[in-house]
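Written out below as structure tokens is the structure these notes cover.
Read the figures in this text as sums done on the coordinates, not as results from a lab. None of the values given here were measured: they were computed from a predicted structure. Note: ideal-geometry Cβ built from the backbone for every residue, glycine included; neighbour counts use all protein chains shown.
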Amino acid sequence: MNLTGSARKLKDTTVDIHNLTQKWTKYNNEGSNIVSSVANVKLQNVEKTDDDTDQSQEFPKEKMSLELESLCTELTELIQKMEKLALKFEAIVNMCKGLNELESYQMKQENKEGSKVLFQTWTLEDV
């Protein structure tokens, strides 16, 4: 079925929402993995410190800080990607509000002209 106008725009928007949600879930899982890695690095350092209390800890601390720095960089990049997705979600919400206002306006104009609605379907307010 070929849709036009607001119905087509709404159908395309639902596809966009689905795709953005998939990306959000993927980024969320990646972020959880990065946070788990940070915790593991910290725990490994605590265990090594407990085992090697007599030896100098310079090298393991440097290694740990480098690992943590790379993980934090990855997490920062991931957060930036998620912020972009959040902006896209906000744009979709604003677009849906605009479609709703447009449809309401068009319905008012049609009712003023005396035309009757032949079929009742979901309105944008129902979505």
Simple spin-label estimate for ALA39/ILE79, 7 Å along Cα→Cβ, in nm, reads 1.8 nm
Taking a straight Cα-to-Cα line shorter than 16 Å from LYS42, and setting aside same-chain lysines fewer than 8 residues away, one finds LYS61, LYS63
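Given the Cα-Cα distance of LYS9 and ALA86 and 0.36 nm per residue of separation, how much length would full extension add, in nm?
Details: separation 77, 0.36 × 77 = 27.72 nm, distance 1.99 nm.
Value of the extension gain: 25.7 nm.
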Between LYS97 and TYR27, the two model label points (7 Å from Cα along the beta-carbon direction) sit apart by a distance in nm of 2.1 nm
